[in-house]
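For reference, the structure is listed below as C-alpha cells.
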Amino acid sequence: MELVKPFEIALSQYGICEWPGESHNPEVVKYFRECNFKVQDDETSWCSVFVCWCMKQAEIPHTNSLSAKSWANWRTKVYEPQLGDIAVFNRPPISWQGHVGFYVRNDGNRIWVLGGNQNNSVNISNYTGIHLIG
C-alpha cells in the first residue's frame with residue numbers, strides 16, 4: 001500500500017511538539033521550511049503541512065497546502081479505510097476549518113488518527129465526523 005510509507009514516516013515523528021512561550025521547535029518549523037512555506041513558528045496550524053511533509057519524504061505528491069480541507073479532494077474517498085489512509089475532519093461551526101491525519105482505527109464511535117498539531121504535538125488522537133481519502 002502506497003500510504004504505509006508516509007504513515008511510518010509520521011510515526012517516526014511521534015512526540016514532536018510545539019514549545020511553550022516565544023521559542024519555536026525547529027522540528028515543527030522544519031515541516032514548513034522543507035515544504036516551501038515561509039512559516040517560522042510552531043503556532044501556525046500545522047496538521048496539513050505535517051501530512052505534506054510525510055508525503056514529500058515518501059516521494060508521493062501532496063496538496064502543497066496549509067489547509068487541512070485541501071486533502072478532501074486529494075484522492076478518491078474510501079468507505080473501508082486502511083491503516084495510513086488520509087482522514088479529513090470538519091471543525092464546526094466554521095465550515096472552512098478542518099483537521100487532517102493518517103487513519104489508525106475506528107472503534108465504532110470515533111476515528112483514531114496519527115497526525116501533527118493534535119494537542120500541539122504529533123500523536124494518535126481520536127475524532128468524530130470524518131471524510132476518508134484512500
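The values are calculated or read from the model by the stated rules, or taken from the named source; none is laboratory data. The structure presented is a predicted model; accordingly, all values stated were derived computationally and were not measured. When we count neighbours, we look across all protein chains shown, and the Cβ atoms used for this are built from the backbone with ideal geometry, even at glycine. Side chains included, ligands, DNA and RNA excluded: accessible areas come from the protein's heavy atoms. Shrake-Rupley method; radii C 1.70, N 1.55, O 1.52, S 1.80 Å.
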Of the residues in the range 13-44, those that are farther than 22 Å from N64 by Cβ and hydroxyl-bearing (S, T, Y) come to Y14, S23
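Would the range 85-96 turn up any residue that is open to solvent by less than 40 Å² (accessible area, probe 1.4 Å) and within 19 Å of S121 (Cβ to Cβ)? So that I can check it myself, show each step before the final result.
Kept after step one, since they are open to solvent by less than 40 Å² (accessible area, probe 1.4 Å), are these residues of the range 85-96: 85-89.
Imposing the further condition that a residue be within 19 Å of S121 (Cβ to Cβ) reduces the set to 87, 89.
Yes: the range 85-96 contains one or more residues that are open to solvent by less than 40 Å² (accessible area, probe 1.4 Å) and within 19 Å of S121 (Cβ to Cβ).
Output yes when any residue across the range 114-132 is aliphatic (A, V, I, L, M), modelled with pLDDT under 95, assigned to a loop (DSSP other than H, G, I, E, B) and open to solvent by 50 Å² or more (accessible area, probe 1.4 Å), and no when none is. Steps first, answer last, please.
Within the range 114-132, the first condition is being aliphatic (A, V, I, L, M), and the residues that meet it are 114, 122, 124, 130, 132.
Pick out the ones that are also modelled with pLDDT under 95 and you get 130, 132.
If we keep only those that are assigned to a loop (DSSP other than H, G, I, E, B) too, we end up with none.
No, the range 114-132 contains no residue that is aliphatic (A, V, I, L, M), modelled with pLDDT under 95, assigned to a loop (DSSP other than H, G, I, E, B) and open to solvent by 50 Å² or more (accessible area, probe 1.4 Å).
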Any hit, the range 50-72, residues being without any contact (Cβ under 8 Å) to a residue 60 or more places away in the chain, in contact with a strand residue (DSSP E or B) (Cβ under 8 Å, 6 or more places away or on another chain), of a type in the set (V, I, T) and over 17 Å from Q118 (Cα atoms)
no
In the range 1-25, which residues are of a type outside the set (V, I, T), open to solvent by less than 70 Å² (accessible area, probe 1.4 Å) and part of a helix (DSSP H, G or I)?
P6, F7, A10
Which number in (1) touching a Lys or Arg at 6+ places or on another chain (Cβ under 9 Å); (2) open to solvent by less than 10 Å² (accessible area, probe 1.4 Å); (3) closer than 16 Å to I9 by Cβ; (4) among the hydrophobic types (A, V, I, L, M, F, W, C) marks the one condition that F50 misses?
(1)
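Suppose we filter the range 38-47 for residues that are surrounded by fewer than 18 Cβ atoms within 10 Å (Cβ to Cβ) and more than 28 Å from D107 (Cβ to Cβ); how many remain?
Step one: filter the range 38-47 for residues surrounded by fewer than 18 Cβ atoms within 10 Å (Cβ to Cβ), giving 38, 40-41, 43-45.
Okay, now just the ones that are also more than 28 Å from D107 (Cβ to Cβ), so 38, 40-41, 43-44.
Number of matching residues: 5.
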Filter the range 52-86 down to the residues that are more than 16 Å from V104 (Cβ to Cβ), assigned to a loop (DSSP other than H, G, I, E, B) and more than 14 Å from the chain's Cα centre (by Cα) and list them by number.
A58, E59, I60, P61, R75, T76, Y79
Residues being farther than 21 Å from V88 by Cα and open to solvent by less than 60 Å² (accessible area, probe 1.4 Å) - total across the range 26-36
2
Report yes if G108 is free of Cβ contacts under 8 Å to residues at least 12 places away in the same chain and at positive phi, otherwise no.
yes
Which listed residue is within 16 Å of S121 (Cβ to Cβ) and acidic (D, E), from E18, E22
E18
